[in-house]
Every structure is written in structure tokens, then in C-alpha cells.
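The structure appears right after this line, and notes come after that.
Each value in this text was obtained by applying a stated rule to the coordinates, not by laboratory testing. Keep in mind it's a predicted model, so treat the numbers as computed, not measured. For neighbour counting, all protein chains shown are included, and Cβ atoms are generated from backbone atoms with ideal geometry for every residue, glycine included.
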């Protein structure tokens, strides 16, 4: 522990969001290598989160977010195990982050298993038609489309999306890091997202960039 510098601990905390002692342990276990320490924390976070995943989350908050002078509105319910954690500053910040994520990245569902199979098949049919138009050989179309379907799922399932404040991790990883930090199970239960003029033809804006800028990135 004595070989771990305060600067390294601070840097790792900023990257991972983990607690100081966990950062010290990670750096000590990886010889002070920041990149390996991040992986170490993630592995521990996965194990910690997995143990807590079956716990009931019946507390939490419903939060709202309005972006762009009323152009986008988000309402989200995030659950935890206790009312104490629901009032925790880290949990409250996480909820705000989820609101920003939904506003910026337009997910359709929270988890990939919530996608309607009919919607997936419709998307697959469109992609197969596109592959045919591109002149791709028939024997490789299915494999190619499988890859595109996976890419699409990661775009529309909230937990699979790159985290808007740190695209190097997913929203799922952001969640696991917080679970490991506070010691309680956390889950995004549901959300709704409204956008003025949604479904109508209009000038496109990069809301992800706007949200990132607003967040100070």
C-alpha cells in the first residue's frame, strides 16, 4: 500500500468512481498500473454486483429531466434496496446520469431481453434486404446481419449503451461500479422519453454532444 501514490489513487477514483480504499487495493494488486487497476475493479464489481443482483429493490426514486428549453423530457424510475441509499449522494448522481443518458441516446428499452421479438425480426428483415441490395453473397448475409443486429441492440438497450459521460464503459458497467461502491443492488425499472415533434421530419441535432457539453465534458 505504501508504494501507491495519492495521485494514482485520485486518478483511478476519477476514472472508475470506486472508493479510495478499493482504488488503493486495485493499484497495489496491479503494481500501480492504472489500466490494469481499472480492469481489476471492474472484475470485482462484476462479482459484487452478481451477488447482489437477486436482492429485492423496492425503494428508490422517480426523477425527471428536461433538456433544451423543453425540447426533450425524461421520466425514470430507479430502484435500490433501502430508503437510506435512495437519499445517498452517489445514488442521486447516478439517477441524474441515467436521465441524461436517456435524453442523449434515445434507448427503446432498459434491457435487451425486453425487446419485442417481432421488432427484432422486423429489423432483421430490413437488414437482410439491405445486405441483398449491397450485393453481399447469400451465404454470408445471415452472419453479417447477426453482427448488425447485435450492434443495433447495443444502441437501443439502455444498459448496453456506451455511458454518455464515459464512452469507454457501458451503462451496465456504470451501474455495477456503483453497486460495488455502495453495497446495494440497484436497477433501472422503467422510463419514458418525450421529444417535441417526435416522429415528424425536422432538423437533426446531436443531443449526445449537447448533454455531454452540459455535463462539462
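Worth a mention:
- Model label points for residue 75 and residue 144, set 7 angstrom from Cα along the Cα-to-Cβ axis, are 4.4 nm apart.
- Once the Cα gyration tensor of the range 63-168 is diagonalised, semi-axes √(5λ) in Å: 35, 15, 12
- Near-label residues of the range 62-82 by backbone N, under 11 Å of a point 7 Å along Cα→Cβ of residue 88: 80-82
- Förster-model FRET efficiency, 41 Å R0, residue 7 and residue 96, C-beta, rounded to 0.05: 0.90
- Extension gain, residue 153 to residue 129: 0.36 nm times the residue separation minus the Cα-Cα distance gives 6.8 nm.
- Three-way shape label, the range 94-138, alpha-carbon gyration tensor, a/c 1.5: prolate
- Distance between modelled label sites at residue 119 and residue 14, nm, 7 Å Cα→Cβ extension: 3.8 nm
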